[in-house]
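Below is one structure; the comments refer to it alone.
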Amino acid sequence: MEPVIISLGGSIVSGEPLNIEFLRKFCSVLSGYEGKYRFGIVVGGGRLARQYISSLRKLKVNDHVLDEIGIHATRMNALALATFLPDVNHRIPTSINEAAELMSIYPYVVMGGTEPGHTTDTVAALLAERIGSRILINATSVDGVYTDDPKKDSSAKKIPSLSYDEAISISLKNSIGAGPNVFMDLTSLNIAKRSGIVIYVMDGTDVSEYGSIIDRRKTGGTLISALRESA
Ligand code: UTP
């Protein structure tokens, strides 16, 4: 069974406090692929992580501790997601190798972060690389990569396809001065580039998009691959 890795943005999973309806629909879409694909789903920390981290950062708590707290939030969201899936791991893996082993047992494996210093996008890229997945779906709260921040610049345009190098330069530009909110972190893009993993950046709240990508490898978002023309 071909593996598909999904980096599921925490803000999609945890709203006020949990987006139950989304979780139900998301898991029902994935259940439709049982027997055809196996899924590794890496869940972000969302509001839970952000609230804890921003409160404690004001008190000058060190970044390693803040990252550890963020990781706990991601694992809590992962465990919440697991309750909606059949035949899934019960314990959240704490390393890529552990997750890779679980992927040979379960059709669905959920996890959060691994160690301080990166985000769950990087965890998802590492897991994709480790198990040889050709596809990484980055389910985010925006519906693709834009020429500029669409909230600040109304003339910003969505980019249908990007090469790895173009995506890396946009991520680099956005990470300077704009805070951590980039569509994907640099490390994850570099890992995808070195292993030729095709990335689909999509609106994670639009459940029909997952099927479009898995079935037809088409996205209303942005495709990132070796060649921009391959979209
Ligand atoms: P996220 O992956 O959700 O971070 O992990 P993010 O990308 O900054 O969040 P969004 O996508 O914009 O909502 C939450 C936090 O947990 C820590 C980091 O501090 C991260 O910001 N973390 C997560 C790690 O330190 N290591 C990991 O492997 C994962």
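Around residue 3, what is the net charge, scoring Lys/Arg as +1 and Asp/Glu as -1 over all other residues with Cβ under 9 Å from its Cβ?
+1
Going by how many other beta carbons lie within 10 Å of each one, how would you line up 67, 215, fewest first?
Ranking 67, 215 by Cβ neighbours within 10 Å, fewest first, gives 215, 67.
What list do you get for 197, 20, 191 if you sort them by fewest beta carbons within 10 Å?
Exposure proxy ranking, most exposed first: 20, 191, 197.
Counting other Cβ atoms within 10 Å, which trypsin sites (Lys or Arg not before Pro) in region 16-51 have at most 14 and lie in a DSSP loop?
When the trypsin sites (Lys or Arg not before Pro) of region 16-51 are filtered for loop state and at most 14 Cβ neighbours within 10 Å, 36 remain.
Using Cα positions and a limit of under 19 Å, work out the lysines in reach of residue 151, with same-chain residues fewer than 8 apart set aside.
173
Taking 0.36 nm per residue of sequence separation and subtracting the Cα-Cα distance, how much length would be gained by fully extending the chain between residue 227 and residue 2, in nm to one decimal?
78.7 nm
Given region 30-84, report the % of alpha carbon pairs whose separation exceeds 14 Å.
60 percent
Please list, short to long, the whole-number percent of alpha-carbon pairs of the chain in consecutive 10 angstrom bins beginning at zero.
8, 35, 39, 17, 2
Ignoring everything except DSSP H segments at least 4 long, calculate the 222 nm mean residue ellipticity for the chain; use -39,500 (n - 2.57) per segment, divide by total residues, nearest 500.
Computed ellipticity for the chain at 222 nm equals -13500 deg cm²/dmol.
Using a cut-off of 23 Å between alpha-carbon atoms, which lysines can reach residue 25, once sequence neighbours fewer than 8 places away in the same chain are excluded?
The qualifying lysines are 36, 218.
Can you list the aspartates and glutamates whose alpha carbon is less than 13 Å from that of residue 158, not counting same-chain residues fewer than 8 positions off?
Cα-Cα hits under 13 Å: 143, 148, 149, 203.
List the trypsin sites (Lys or Arg not before Pro) in region 188-231 that DSSP assigns to loop (not H, G, I, E or B) and whose Cβ has at most 16 other Cβ atoms within 10 Å. Which are they?
Answer by residue number: 217, 218.
Using only the Cα atoms of region 112-231, build the gyration tensor, take square roots of its eigenvalues as a ≥ b ≥ c, and label the shape rounded, prolate or oblate: rounded if a/c is under 1.5, else prolate if a/b is larger than b/c, else oblate.
rounded
By the gyration tensor of its Cα atoms, with a ≥ b ≥ c the square roots of the eigenvalues, what is the shape of region 150-217: rounded for a/c under 1.5, prolate for a/b over b/c, or oblate?
oblate
Of 156, 171, 208, whose Cα points farthest to the positive end of the dipole of region 130-209 (charges on the beta-carbon: +1 Lys, Arg; -1 Asp, Glu; origin at the Cα centre)?
171
If amide H atoms are built 1.01 Å from N in the plane of the peptide, which residues on other chains or at least 5 residues away come under 5 Å of the amide H of residue 6?
For residue 6, the qualifying residues are 40, 41, 42, 137.
With the cut-off at 1.5 for a/c, could you classify region 1-116 from its C-alpha gyration tensor as rounded, prolate or oblate?
Oblate, because a/c is 1.5 or more while a/b does not exceed b/c.
Taking the Cα centre of the chain as origin and charging only Cβ (+1 Lys, Arg; -1 Asp, Glu), how large is the dipole, in debye to the nearest 20?
180 debye
Ranked by Cβ crowding within 10 angstrom, fewest neighbours first, how are 209, 21 ordered?
21, 209
Coordinate-derived values only; no laboratory data. It should be emphasised that the depicted structure is a prediction, and the values quoted were computed from it without experimental measurement. Glycine gets a Cβ as well: all are built from the backbone with ideal geometry, and neighbour counts include every protein chain shown.
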